[in-house]
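Note sheet for the following structure.
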Amino acid sequence: MMNKREISCRSNTQGMNEEEEEIWNESQTISGGEFLDWWEVLNEEEKLAWTSAKEKAKLSSQGKPY
């Protein structure tokens, strides 16, 4: 059985491609103070996937289509 966090993460990844979902889920495990260090090691493709995933997660949480 999934816990509430797993359900929340899963619902926010609807509409994401595999790369976006993978990078988004990884980013959700990083604490705020570690985010910049994590971000700096991403390549450009990963940064674009995260940016796209963030926008899709935001729209999904607002109940808007993307």
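May I ask for the net charge around Ala53, where only other residues with Cβ less than 12 Å from the Cβ of Ala53 are counted and Lys, Arg are +1 while Asp, Glu are -1? Spelling it out: positives minus negatives among the neighbours equals -4.
Across the stretch 21-32, computed HN-Hα scalar couplings (Karplus, 6.51 cos²θ - 1.76 cosθ + 1.60, θ = phi - 60°) run 4, 5, 5, 5, 4, 4, 5, 6, 9, 9, 6, x Hz from first to last residue, x flagging Gly and Pro.
Every number here is computed from the coordinates shown, using simple stated rules; none is lab data. Being a predicted model, the structure only gives us computed values, none of them experimental. For neighbour counting, all protein chains shown are included, and Cβ atoms are generated from backbone atoms with ideal geometry for every residue, glycine included.
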